[in-house]
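Note sheet for the following structure.
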Amino acid sequence: MNQNKQGINFTFEVFLLAANLRLAIIGIPPIVSKVQAFFHLTTALTGALTTIPLLCFGFLSVLTAPVIRRLGTKRTIEFALLMLAIANLLRTYVSWGMFAGTIFVGAGITMLNVSLPALIVERQPQDAGRLNGVYTASINIISAIVGGIAVPVANALGWQFTVQLFSVPAIIAFLATLLLPNKKSRRQSSAPSRPAGGSQTPIWKRGHVWMLALFMGLQSMIFYTIVAWLPNVLTSHGLSATTAGWLFSIFQIIGAPFAYLVPRATTKVANLQILMGSLLAGYLVGTGILIFFDATWLLILACLVLGITTASVFTFSLTMITTISQTPQEAGSVGGIVQSIGYLIASVGPTIFGVIKTTLGNWPETLIVMSIISVVNILVGFTLIQVIRKNQFVF
């Protein structure tokens, strides 16, 4: 009974932490015109508000592992949440505060990105698959809700107050984290045994870590490119901006249940191979519809398919961090390397595809390029699965 209760409490803690992983970033684009007008920002400076956090993810993720080793996972998370809460308050007064606050937002979320998988491995490794599902599903749900309500709240209460509200979940999560026991739970004996030699190789020399980093980077590039340009693609098919906005919200929220279910399919290699094949089909069907068809119902289908696919592939990436890690310390180090490389690749995606679109002149040819990258992404995934099987991470 006691263990079950602890599991419920920890699940809620994971939800609270995950709620902060995109909130302060996703909440800005819908109200960015208000921010731009208030601070008299140029288009380039306005675009930097969404680029800065991605660059923080890329450059700072690898530095979080040493912080975790020094402070411990719990204290690192507490520090990150406090930084996030203060940063959102700082963003609302002067232009330099907006940019400084955005840097701290990026740094705080970076620490949470790396620390949360490590916390899961540390506290409940036997339940990592389900908790990773809770983690990623929460991100999708919160992102969709914030994307939908940010403008109405900003119109009613002002954009400054709206941004300050982003601090509330960070404060709640901080208080909940204080209630977590300090005692670390060791990896249970029921966990699959790992080859003894694997732990002797430095993490940065392990080929499967770099392969996972490449996989994370390619899927992140595709996702953030879709986030940046999907409304434009939809309006190019004749949809109104309002309709495109609703479809964009559907794209974000539809993946939530699949983000929860995907980790349950990562315990056997056969399941992983089926998953990879399904992800490849999802990428090609979704982008194929956007390339060749204009019917509204098909565009809705494309948003549904792409939302499910991108959420599932992201969940797979995060789950593999805990799957190939033998200790919480390894999870932090592996997560740092994987997410640093992944988000550095992702940060250039929207810009590169914007240049491709400008060069080629329209969206179909640009989407064909993205389809090719998605195929490469899945091929890397199939190769990663074989390496994972060889190292007996799953059976």
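When you go through THR366, THR322 one by one, which is the residue that is farther than 23 Å from GLY129 by Cα and either part of a helix (DSSP H, G or I) or of a type in the set (Ser, Thr, Tyr) (or both)? Write out each step before concluding.
Details: THR322 fails: farther than 23 Å from GLY129 by Cα.
Every option except THR366 fails the conditions.
Okay, residues lined up against (1) free of Cβ contacts under 8 Å to residues at least 40 places away in the same chain; (2) more than 22 Å from ALA173 (Cα to Cα):
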residue	(1), (2)
THR42	yes, yes
THR51	no, yes
VAL62	no, yes
LEU84	no, no
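Hey, among LEU290, LEU306, LEU275, which residue is within 17 Å of ILE254 (Cα to Cα), of a type in the set (A, V, I, L, M) and out of contact with any Lys or Arg (no Cβ under 6 Å at 6 or more places or on another chain)?
Numbers: LEU290 fails: within 17 Å of ILE254 (Cα to Cα); LEU275 fails: within 17 Å of ILE254 (Cα to Cα).
Matching residue, one of LEU290, LEU306, LEU275: LEU306.
Residue check, VAL285 against (1) in a helix (DSSP H, G or I); (2) closer than 28 Å to THR11 by Cβ, all met but one. Which one?
(2)
All but one of (1) out of contact with any helix residue (DSSP H, G or I) (no Cβ under 6 Å at 6 or more places or on another chain); (2) free of Cβ contacts under 8 Å to residues at least 40 places away in the same chain; (3) farther than 24 Å from GLY147 by Cα hold for THR76; which doesn't?
Among (1) out of contact with any helix residue (DSSP H, G or I) (no Cβ under 6 Å at 6 or more places or on another chain); (2) free of Cβ contacts under 8 Å to residues at least 40 places away in the same chain; (3) farther than 24 Å from GLY147 by Cα, THR76 violates only (1).
Tell me the residue from ILE274, ILE250 that is aliphatic (A, V, I, L, M) and farther than 19 Å from ALA144 by Cβ, please. It would help to see each step written out before you state the result.
Details: ILE250 fails: farther than 19 Å from ALA144 by Cβ.
Testing whether each residue is aliphatic (A, V, I, L, M) and farther than 19 Å from ALA144 by Cβ leaves just ILE274.
Could you list, in sequence order, all residues of the range 69-106 that are small (Gly, Ala, Ser) and farther than 21 Å from THR162 by Cα?
At the first step, the residues of the range 69-106 found to be small (Gly, Ala, Ser) are 72, 80, 85, 87, 95, 97, 100-101, 106.
Within the range 69-106, GLY72 is the sole residue that qualifies.
Identify all residues within the range 67-102 that are closer than 27 Å to VAL121 by Cβ and of a type in the set (Ser, Thr, Tyr); write none if there are none.
Result: THR73, THR76.
Which of (1) over 26 Å from THR73 (Cα atoms); (2) modelled with pLDDT of 90 or more does PHE174 not meet, given it meets every other one?
Every listed condition holds for PHE174 apart from (1).
I'd like to know if the range 214-230 contains one or more residues that are in a helix (DSSP H, G or I), over 23 Å from the mean Cα position of the chain (by Cα) and modelled with pLDDT of 85 or more. Steps first, please.
At the first step, the residues of the range 214-230 found to be in a helix (DSSP H, G or I) are 214-230.
Then keep just the ones that are over 23 Å from the mean Cα position of the chain (by Cα); that gives none.
No: the range 214-230 contains no residue that is in a helix (DSSP H, G or I), over 23 Å from the mean Cα position of the chain (by Cα) and modelled with pLDDT of 85 or more.
Here's a check for you: in the range 230-249, which residue that is within 27 Å of PHE15 (Cβ to Cβ), out of contact with any Leu (no Cβ under 6 Å at 6 or more places or on another chain) and in contact (Cβ under 8 Å) with a residue 60 or more places away in the chain is surrounded by the most Cβ atoms within 10 Å (Cβ to Cβ)?
Among those residues, the one meeting the criterion is LEU230.
Within the range 329-377, track down each residue that is β-branched (Val, Ile, Thr) and more than 28 Å from ALA44 (Cα to Cα). Explain how you work it out, then say what you get.
First, pick out the residues of the range 329-377 that are β-branched (Val, Ile, Thr): 334, 337-338, 341, 345, 348, 351-352, 355-356, 358-359, 366, 368-369, 372-373, 375-376.
VAL334, ILE337, VAL338, ILE372, VAL375, VAL376, listed by residue number.
List, please: which pairs have Cβ atoms under 9 Å, are six or more places apart or on different chains, and start with a residue in the range 151-173 that is more than 18 Å from ARG22 (Cβ to Cβ) and end with one that is outside any helix (DSSP H, G or I)?
TRP159/THR92; GLN160/ARG91; GLN160/THR92; GLN160/TYR93; PHE161/THR92
This table checks each residue for (1) surrounded by 24 or more Cβ atoms within 10 Å (Cβ to Cβ); (2) assigned to a helix (DSSP H, G or I); (3) assigned by TED's automatic domain parsing to the domain that holds LEU212.
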{"position": "ASP294", "(1), (2), (3)": "no, no, yes"}
{"position": "TRP297", "(1), (2), (3)": "no, yes, yes"}
{"position": "LEU306", "(1), (2), (3)": "yes, yes, yes"}
{"position": "ALA311", "(1), (2), (3)": "yes, yes, yes"}
{"position": "GLY335", "(1), (2), (3)": "yes, yes, yes"}
{"position": "VAL338", "(1), (2), (3)": "yes, yes, yes"}
{"position": "ILE352", "(1), (2), (3)": "no, yes, yes"}
{"position": "VAL355", "(1), (2), (3)": "no, yes, yes"}
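Can you tell me how many residues in the range 358-383 are modelled with pLDDT under 90 and more than 15 Å from THR287 (Cα to Cα)?
4
Name the residue that is farthest from LEU279 (Cα to Cα), counting only residues in the range 357-370 that are surrounded by fewer than 17 Cβ atoms within 10 Å (Cβ to Cβ) and touching a residue at least 60 places away in the same chain (Cβ under 8 Å).
ASN362
Which is under 29 Å from THR46 (Cα atoms) and crowded, with 23+ Cβ neighbours inside 10 Å, of GLY97, GLY106? Steps first, please.
On the way: GLY97 fails: crowded, with 23+ Cβ neighbours inside 10 Å.
Residue meeting the stated conditions: GLY106.
The values are calculated or read from the model by the stated rules, or taken from the named source; none is laboratory data. Note that the coordinates shown come from a computational prediction; the quantities given were computed from them, not determined experimentally. FYI the Cβ positions are ideal-geometry reconstructions off the backbone, even for glycines, and counts take in every protein chain you see.
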